[in-house]
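The values are calculated or read from the model by the stated rules, or taken from the named source; none is laboratory data. Worth saying up front: this structure is predicted, and the values here are computed from it rather than measured. As a convention, Cβ positions derive from the backbone with ideal geometry for all residues, glycine included, and neighbour counts pool all protein chains shown. Ligands, DNA and RNA are stripped out before the accessible areas are found, and what is left, the full protein with its side chains, is counted by its heavy atoms. Shrake-Rupley method; radii C 1.70, N 1.55, O 1.52, S 1.80 Å.
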Amino acid sequence: MKKLLFVLALVPLMSFGQKTDVKNVILMVGDGMGLSQLSSIYYFNDNKEPNFSRFKNIGLMNTSSAKQKITDSAAGATAFATGQKSYNGAISVDTLEKDLQTIIEIIQDKGVKSGLVATSSITHATPACFYSHAVSRNLAEDIAKDLVKSGVDFFAGGGLKYFNKRADGIDMYRELIKKGFELDTTLLNPLKKLNKQKRYGYLMAENGLKSKLEGRDDFLLDATELALSYLQDSDEGFFLMVEGSQIDWEGHAHNGKGIIEEVKDFDKAVGAALDFAEIDGETLVIVTADHETGGFALAPTAKDSSWQYNDIHPTFYKGADDPAMSYAAHTTTLIPVLAYGPGSELFQGFYQNNDIFHKIMQATNWNITEIRQNTNPDAQQHIYKEKR
Ligand code: MG
Ligand code: ZN
């Protein structure tokens, strides 16, 4: 009897801190990629099946921010990175402008490595929310300073000028090197063998990278592959965020052709993540977007008068021609979430954008132990309790 009681007392202790099947998480954000943008390459991809088709678990997400029904990329990425909704423009601060702990800040103390890849400046709203805290997305120089202080192990994107040509005169490029980064501004070779003892930064443009229509190469695919080959050597696993930043920019420009090329480019990087996850078996891949941009649609052309509806034309919501509408180019349509690998079943159903963070925490053992302070009366509170 004494022995039995002893065993029973051990059960809760054994389940505490137990290993899950998820060691690594790859979060892929197609900025501005609503369902129409995602759908576009099913019709404009030379009859090649998109990598999006390889996902089994699919959900839909509401992207409204704490203060605005229609979010921007900063509030959207704050929700992904911290688990809390905030105001448009916020870089991982709450509606009272207090810092919110980001996923990278949580995992760095556990020895889990992190990487960020974007086709925008690495200081742009989406990547910034994973390592920085700023009251406005426009504070690019402050955000660059936060990258220097951060625990990020690998980054690749644009934004060189926010490090080496700053208004405050500080040479943040040198500061990055002092922090142990090996930097490159000219070449990203996906086959290069990186040293897991080091940190790496690729700053491949002064600000954002060229668009696909302007001739950008396979940077997004190459950077994703290089990041994965480096991060996979991490004993405690990794978190990698990959952003197809310019789907949104082509949406703002109302350029349907540009959207399609950016989505194709993003889908290639998705393929690389899935190839890795298939072999690895301990990697959760999540593909989603912060919001839809442009009211993009796949509609018949006006001259398709035969009502055959076979001549699909990438077009835009007409209201966008109204000057009042063309500024507010994001829409609040529900956004698809595609998930693959262990833990991916958690991403089925309808939920909020900040639930992405909580679902990642639930799938991994990156548990937060302290209860978050309720500093944010406007935002929906999703206090995460340690998983048992
Ligand atoms: Mg973005
Ligand atoms: Zn936008």
Working with all protein chains in place, sort Glu262, Glu97, Glu182 by solvent-accessible area computed with a 1.4 Å probe, largest first.
Glu97, Glu182, Glu262
For Lys149, the net charge from surrounding residues (Cβ-Cβ under 10 Å; K, R +1; D, E -1) works out to 0
Which far-off residues, 5 or more places away or on another chain, put their amide H under 5 Å from the one on Met28, with H placed in the peptide plane?
Val242, Ile286, Val287, Thr288
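Given a Förster distance of 30 angstrom, what is the FRET efficiency for Leu334 paired with Tyr43, based on the Cβ-Cβ distance and rounded to 0.05?
0.90
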Would you mind getting me the FRET efficiency between Lys69 and Glu214? Use the beta-carbon distance for r and R0 = 45 Å, nearest 0.05.
0.85
Within region 77-152, what whole-number % of the accessible surface is contributed by carbon and sulfur, with the 1.4 Å probe and all protein chains included in the calculation?
45
Simple spin-label estimate for Gln352 and Asp168 in nanometres, 7 Å along Cα-Cβ:
3.3
What does the net charge come to around Ala79 if you take all other residues with beta carbon closer than 13 Å to its beta carbon, with K and R at +1 and D and E at -1?
-1
Just subtract the alpha-carbon distance of Leu191 and Asp109 from 0.36 nm times their residue separation and send over the number in nm, one decimal.
26.6 nm
Solvent-accessible ranking of Trp249, Trp366, largest area first, probe 1.4 Å:
Trp249, Trp366
Sorted from largest down, what three extents in whole angstroms do the Cα atoms of region 13-147 have along their principal axes?
47, 46, 26
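Compute the convex hull volume of the Cα atoms of region 87-207, divide it by the residue count, and report the result per residue in Å³ as a whole number.
Working: hull volume 12.1 nm³, N = 121.
Given the Cα convex hull of region 87-207, per-residue volume reads 100 Å³.
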At 1.4 Å probe size, with every protein chain present, just tell me what the per residue accessible area of region 22-67 comes to in Å².
41
Note down the nm distance, to one decimal, between modelled labels 7 Å out along Cα→Cβ at His252 and at Lys178.
3.3
Using a probe radius of 1.4 Å on heavy atoms only, what accessible surface per residue do you get for region 192-316? Whole Å² is fine.
40
Roughly speaking, to the nearest percent, how much of region 156-197's 1.4 Å accessible area is carbon and sulfur?
52
